[in-house]
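Report on the following structure.
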Amino acid sequence: MKKVAGSLLVMVVCGSFFHPVIVAQEQKTAMVPLPSVDDFTNGNNGWSAGLGLGIEYESAYEGSDEFGFEVDPAGAVQWRSGDNIFYWAGEALGWRGLRYDMWLLEAAVVFEEGREESDSDDGHLDGLGDGDEGLEVLLQARHAFDSDWRYWLDSRLLIGDNGTLGLLGAGYRFGDQNDGTGSSIAVAVVFHDSDYANKDFGINAEQSAASGLNETYLSGGFRSIGFHYNYRTYINQNWQLFGEIVYERYGSDIEDSPIARNNYEAEAGLGVIYVF
């Protein structure tokens, strides 16, 4: 918790330090003014891109009690036409569109890498084998209560080769900027079907024999309740600083799985992006 609090402090301090720059950047506009939604178009039609790196301190895998640092690429290539943005962001290819100023719709195809035995340095996944890779389809709809997106509701459905996951949430945006900077918080309740639950936390007979862990089968239903904090600001004309904190508290069914050595998953991240 000290590391999470420290990352939050860094983000707040950075936001205060760069506040004069934010004022200078208010001519930039985003399709929706949410720091959790990448928009590098500055309100212009055509091509745009942002490229950078982020460093995260996170759980080694779902349910892990091992934590470590990981450096990942950040950003996206985008093409905007009016209230529609088509994007390629790492392992996701998708579209998002604004309708009636208060509906943000999104559809994407995402590549899921799957868990590997080597994700646990302490050997807690030995004998379980590597998880299956696969494609997932993401469908999302956010609805704001007014056009400035101060409050919004969120619904999300993830359908893939390894099962289905659903999310219902609500969020709040701080600040008055319209360029996608500032900060926001969101809370969500997450559900999954049995296939998705057992992908991360189930243990079949073969895995049980190889690992020594009890055979475990989970049914679908409630998965977790989560909290998400996002932050974004401009350092100068082209450079953005971003950060996030994520906490997910698992339900009792997951806690009972031998794979879940923690009853939660958490991560804190900080990074920079250059906007072309």
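Values quoted throughout were computed directly from the atomic coordinates according to the rules given, and no laboratory measurement underlies them. Nothing here was measured: the structure is a model prediction, and the numbers come from that model. Using ideal geometry, Cβ is built from the backbone for each residue, glycine included, and neighbour counts are taken over all protein chains shown.
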Relative contact order for region 196-276: what percent, with Cα pairs under 8 Å and sequence separation of 6 or more? 27 percent
Rounded to one decimal in nm, the spacing of the 7 Å Cα→Cβ label points at residue 238 and residue 210 is 4.8 nm
Would you calculate a helix-derived [θ] at 222 nm for the chain, using -39,500 (n - 2.57) for each DSSP H run of n ≥ 4 and dividing by the full residue count, to the nearest 500? -4000 deg cm²/dmol
Normalised contact order of region 2-275, rounded percent, pairs of Cα under 8 Å and 6 or more residues apart: 20 percent
For region 2-275, what log10 I(q)/I(0) values come out of the Debye formula at q = 0.08, 0.09, 0.10 1/Å, with one point per alpha carbon and no solvent? -0.35, -0.45, -0.55
Please report, in debye to the nearest 20, how large the charge dipole of the chain is about its Cα centre when each Lys and Arg carries +1 at its beta carbon and each Asp and Glu carries -1 there. 1580 debye
Hey, got the dipole for region 143-264? About the Cα centre, +1 on K and R Cβ, -1 on D and E Cβ, debye to the nearest 20? 320 debye
Within 10 Å of each candidate Cβ there may be at most 16 other Cβ atoms; applying that plus a DSSP loop requirement, which GluC sites (Glu not before Pro) in region 75-139 survive? 91, 113, 116, 133
Compute the length gained on full extension between residue 133 and residue 225: take 0.36 nm times their separation in residues and subtract their Cα-Cα distance, giving the result in nm to one decimal. 30.6 nm
Report the extension gain between residue 55 and residue 29 in nm, rounded to one decimal, defined as 0.36 nm multiplied by the number of residues separating them, less their alpha carbon distance. 6.7 nm
Hand me the chymotrypsin sites (Phe, Trp or Tyr not before Pro) from region 224-274 located in a DSSP loop with no more than 15 other Cβ atoms within 10 Å, in residue order please. none
Subtracting the Cα-Cα distance of residue 122 and residue 83 from 0.36 nm times their residue separation yields 9.2 nm
